[in-house]
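*Asks:* Here's a structure for you.
None of the figures in this text is laboratory data; all of them are computed from the coordinates on show. All of these numbers come straight from a predicted model, not from anything done at the bench. We place every Cβ from the backbone using ideal geometry, glycine too, and count neighbours over all the protein chains shown.
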Amino acid sequence: MFRPRKRRRFSLRRNRLALAVGRNAYTRRLAIGGLAAWERLSTGAVYNPFSPSVIQDPHPAYGRLQKRDPVHWSPLLRFWVVTRFDDVAALLRDRRFSSQGRARYGAPRAERHGEFAHFWNRALVRTDPPDHTRLRALVSRAFTLARVEAMRPRMVELAEEGLDGLAGREGEVELLTEFVGAYVATVIAEILGVPAQDHPQFRAWSTDLAFGIDPMRAHGTIRRANAATRELRAYFTAVVAERRRAPGEDFVSALLAAEEDGKVLNDDEVYAMLTFLLAAGNETTTNLIANTVHELLRHPDQLRLVLADPALVEGAVEETLRLTGSPQSTDRTAREDVVWKGKTFRAGQVVMPVLGAANVDPTRFERPLEFDVTRNDPRHLAFGQGPHFCLGAPLARAEARIAVGALLRRYPGIQLGSGRLQYRTSVVVRGLQRLPVRLS
């Protein structure tokens, strides 16, 4: 029997987030403000990732949550938000929580069932054991540290070639798009064995896919991500067929040859793995390099240390991962009712371990908000923890150290350009919209 009042309440509850991030700016501000006020009154703290001040600098909000309500229910996001280092590290290892996630409240059908969703739901980061154990074992056989090390000389060449393109430039250079993004996308394309003439198209695809991952995506993002997924599937179908016929030394050939206990990846898993590498590898590493350069230019004393001792580039990259890491949060779904620090996560509820907050937890790090390239304890959670620790961590670190080191060698007098820098509006990603610099 149809019951209008009950259905209306259900619809409102499901669409809070959709209302908050809707297209109408006035409605969006009103909805977010009301829900944030309710959150503050009901819990004593608030986590509002839509706030311009939080987008620009989330650390004060993280500090308040850690002090007042470290295991926090957000009425706005309808997630549990967990911010202390020990809790986040433990959650990432706890098998009572699933990585598979669920459809977000209010998400339109295209976002839940389109081509992009089909790929994303099969990505390694979204799988649980036993599938995850099998997939990770197979991919680990192809994505080895030796493969990354073998790629290092080529990464150095690509960084130098990218910087050659900036030589002689006067005035400001937009480093994020003119050097960093192109360098990272080209490294990934070459790992996949993509010919040079296809690199520009791969950069476009990787950008569309990367923006599709973020839950705070703009209108039209999923349409572009769906199109990129379709086009990439067609492209990789041809590549996979060619590698099956004539295997080479590239990652695709190694992925197809990977075998564990007589098992290999099926075609759907191969396409999901290749697409995820392109999307996630581009987004996180591009932000890591740009954020490292930004942190060094914001802290001239630390920049001087690195210029005097180039080996400290490694410390600069690790401090950036800790303090301004690109993946600020991830999510897990409770498989069962779980009591955690006096709070009850109900089965099916989403729990958000905030990596960015854990990495500045004052109970774990001394002077947590200071950028210190000589820090003796660089351990952090930027690459996750437990079974889902990022397989691409060695590649991301190598790319960042090479790019930042080459930039500082070539342009030791580099300075920030004009204007106030803005960060992207995102719950998940910490990355600049642009990075203008002067190279002289």
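*Asks:* Among the aspartates and glutamates, which have Cα under 13 Å from the Cα of Lys343 when same-chain residues fewer than 8 positions away are ignored?
*Replies:* Within the straight-line cut-off, Lys343 pairs with Asp69, Asp87.
*Asks:* Continuing with the same structure: So if I take the centroid of the Cα atoms in segment 185-244 and the same for segment 291-320, what is the distance between those two points in Å?
*Replies:* Going from one Cα centre to the other spans 32 Å.
*Asks:* Less than 11 Å Cβ to Cβ from Gly162, Lys/Arg counted +1 and Asp/Glu -1: what total charge do the surrounding residues give?
*Replies:* Neighbour charge sum, excluding Gly162 itself: -4.
*Asks:* Restricting everything to alpha-carbon atoms, can you work out Rg to Rh for the chain with a Kirkwood hydrodynamic radius?
*Replies:* 0.96
*Asks:* For every other residue with a beta carbon closer than 15 angstrom to the beta carbon of Ser418, add +1 if it is Lys or Arg and -1 if Asp or Glu, then tell me the sum.
*Replies:* +1
*Asks:* Run lengths n ≥ 4 of DSSP H only: what is the helix-derived mean residue ellipticity at 222 nm for the chain, with -39500 (n - 2.57) per run over all residues, to the nearest 500?
*Replies:* -16500 deg cm²/dmol
*Asks:* Among all stretches of the chain without exposed GluC sites (Glu not before Pro) (DSSP loop, at most 15 other Cβ atoms within 10 Å), which one is longest?
*Replies:* Counting at most 15 other Cβ atoms within 10 Å as exposed, the longest clean stretch of the chain is 1-169.
*Asks:* Continuing with this model, one more query. Taking R0 as 41 Å, what FRET efficiency do you get between Val339 and Glu260 from their Cβ-Cβ distance, rounded to the nearest 0.05?
*Replies:* Rounded to the nearest 0.05, the efficiency is 0.65.
*Asks:* Same structure, new question: How compact is segment 226-281 by the rule of thumb for globular proteins, expressed as Cα Rg over 2.2 N^0.38 Å?
*Replies:* Computed over Cα atoms of segment 226-281, the ratio equals 1.13.
*Asks:* Moving to a separate point now. To make sure I understand, if each residue's beta carbon is the centre and we count other beta carbons within 10 Å, what order do Ile188, Ile289 fall in, fewest to most?
*Replies:* Ile188, Ile289
*Asks:* Enumerate the helices in the chain for which the Kyte-Doolittle hydropathy averages -1.0 or more and the C-alpha atoms extend at least 24 Å along the helix's axis, using complete DSSP H runs.
*Replies:* 25-43, 145-164, 221-245, 267-298, 393-410
*Asks:* Roughly how large, in nm² to one decimal, is the mean projection of the convex hull of the alpha-carbon atoms in segment 310-440?
*Replies:* Projected over every direction and averaged, the Cα hull of segment 310-440 covers 10.2 nm².
*Asks:* While we're looking at this one, here's another question. Taking amide H positions as placed in the peptide plane 1.01 Å from N, state which residues far from Trp340 in sequence (5 or more) or on other chains have amide H under 5 Å from it.
*Replies:* Sorted by chain and number, the residues that satisfy this are Phe345.
*Asks:* Let me ask something else about it. What does the charge count around Arg430 come to, taking other residues whose C-beta lies under 12 Å from its C-beta (Lys +1, Arg +1, Asp -1, Glu -1)?
*Replies:* -2
*Asks:* Filter the trypsin sites (Lys or Arg not before Pro) in segment 316-361 down to the DSSP loop ones having no more than 13 other Cβ atoms within 10 Å, then list what survives.
*Replies:* Lys341, Arg346
*Asks:* Amide H neighbours of Val81 under 5 Å, at least 5 residues apart or on other chains, H built in the peptide plane: list them.
*Replies:* For Val81, the qualifying residues are His72, Trp73, Ser74, Met352.
*Asks:* Sort segment 128-180 into rounded, prolate or oblate with this rule: let a ≥ b ≥ c be the square roots of the eigenvalues of the Cα gyration tensor; rounded if a/c is under 1.5, and if a/c is not under 1.5, prolate when a/b is larger than b/c, oblate otherwise.
*Replies:* oblate
*Asks:* Whole-Hz ³J(HN,Hα) for each residue in segment 70-75, computed from phi via Karplus 6.51 cos²θ - 1.76 cosθ + 1.60 with θ = phi - 60°, x for glycine and proline: what do you get?
*Replies:* x, 10, 10, 8, 9, x
*Asks:* Sticking with this structure for a sec: About the Cα centre of segment 4-438, what is the dipole size in debye to 20, counting +1 per Lys and Arg Cβ and -1 per Asp and Glu Cβ, all else neutral?
*Replies:* For this selection, approximately 2800 debye.
*Asks:* Let me ask something else about it. Using a Cα-Cα cut-off of under 14 Å, which aspartates and glutamates could be cross-linked to Lys263, ignoring same-chain neighbours fewer than 8 residues away?
*Replies:* The reachable aspartates and glutamates, counting only those whose Cα sits under 14 Å from Lys263, are Asp131.
*Asks:* Once amide H atoms are built 1.01 Å from N in the peptide plane, which residues 5 or more positions from Arg434, or in another chain, come under 5 Å H to H?
*Replies:* Close amide H contacts, sequence-distant or interchain: Gln422.
*Asks:* Highest GNM mean-square fluctuation, the chain, Cα pairs closer than 10 Å: which of Ala382, Ala196, Ala290?
*Replies:* Ala196
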